[in-house]
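Worksheet: one structure, shown below.
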Amino acid sequence: MDSRHFEPLSDVDLPRSDWETLFWAVFAASENPMAIVDANRRVVSANGALQRLLSCAEQEIVGRSIDRSLPPVDRSAIADRWRAMLARGESHGVQTLVLDRAVDTTVSYAAHVAHVGGRLVVLVVLMTAERDRAVAGPDSPPAPLTPRELEIIGRVALGATSRQIADDLFVTTETVRTHIRNAMAKTGTRTRAHLVAAAICRGLLPAISSG
């Protein structure tokens with residue numbers, strides 16, 4: 001696809017549902033790098049955190065293939081990995097990225113299929129290893145997330161670390177990590193990036209606002 005004719009996804013394309021309003025609020029406000037990508041692996045929107053990571057303005061990122069940020073050794077396999085992700089509806093793992101400033105960095109990533117603005121897209125959430133430390137425990141039977149778990153997931157989605165959340169809520173960092181592990185078990189997710197992508201795309205964060 002020629003990026004000169006690429007149609008970016010805008011948060012004002014169509015009248016928005018409450019879920020889409022929430023989606024865009026979290027996407028815009030988060031300190032976690034996030035991209036919205038189409039089925040052909042082309043970026044349709046990049047939040048501020050991703051722009052800072054790549055040292056590029058959004059107009060320089062929109063329309064480019066995500067393949068461009070992968071090391072050459074990973075580019076040959078991305079098509080098959082992407083098809084498998086679209087079939088499953090989500091994916092997560094660890095990936096090395098080649099940044100535009102010629103520096104490699106390793107991130108935890110999660111990708112989750114969603115319908116935004118009337119289009120099927122993929123939300124991609126990135127986190128550094130420092131931010132994505134929680135390890136999921138065994139899956140638990142389906143159960144609703146508690147108000148505290150929702151609050152903490154919301155703060156993680158906006159980019160807060162365990163220490164920042166603990167300081168804000170006057171609890172210990174271990175308490176925060178326990179809530180995150182419990183939320184992962186309930187949602188069947190494995191990393192913080194995976195939890196954030198799933199929570200946003202499944203509409204599990206009604207209390208989040210960009211303010």
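Computed from the coordinates by the stated procedures, all read-outs in this text should not be read as laboratory data. Remember, it's a predicted structure, so these values are computed and weren't measured experimentally. FYI the Cβ positions are ideal-geometry reconstructions off the backbone, even for glycines, and counts take in every protein chain you see.
Does Arg42 satisfy the criteria of being touching a Gly at 6+ places or on another chain (Cβ under 9 Å) and more than 25 Å from Gly154 (Cβ to Cβ)?
Values: touching a Gly at 6+ places or on another chain (Cβ under 9 Å): yes; more than 25 Å from Gly154 (Cβ to Cβ): yes.
It is true that Arg42 is touching a Gly at 6+ places or on another chain (Cβ under 9 Å) and more than 25 Å from Gly154 (Cβ to Cβ).
When you scan the range 23-56, how many residues do you find that are of a type in the set (Ser, Thr, Tyr) and either buried (at least 21 other Cβ atoms within 10 Å of the Cβ) or under 11 Å from the mean Cα position of the chain (by Cα) (or both)?
Initially, the range 23-56 is screened for residues of a type in the set (Ser, Thr, Tyr), giving 30, 45, 55.
Restricting the remaining residues to those that are either buried (at least 21 other Cβ atoms within 10 Å of the Cβ) or under 11 Å from the mean Cα position of the chain (by Cα) (or both) gives 30, 45.
The total comes to 2.
From the set of residues in the range 147-168 that are more than 19 Å from the chain's Cα centre (by Cα) and of a type outside the set (D, E, K, R), which is surrounded by the most Cβ atoms within 10 Å (Cβ to Cβ)? Before you say what the answer is, go through the steps one by one.
Of all residues in the range 147-168, those more than 19 Å from the chain's Cα centre (by Cα) come to 147-148, 163-164, 166-168.
Narrowing further to those that are of a type outside the set (D, E, K, R): 147, 164, 166.
Details: Pro147: 9, Gln164: 15, Ala166: 18.
Ranking the qualifying residues of the range 147-168, first place goes to Ala166.
Which is under 14 Å from the mean Cα position of the chain (by Cα), acidic (Asp, Glu), buried (at least 19 other Cβ atoms within 10 Å of the Cβ) and under 21 Å from Gly118 (Cβ atoms), of Glu90, Glu20?
Values: Glu20 fails: under 14 Å from the mean Cα position of the chain (by Cα).
Answer to the check: Glu90.
Please enumerate the residues belonging to the range 87-110 that are closer than 18 Å to Leu195 by Cα and assigned to a helix (DSSP H, G or I).
From the range 87-110, those closer than 18 Å to Leu195 by Cα are 88-95, 107-110; that's our starting set.
Hit for the range 87-110 is Arg88, nothing else.
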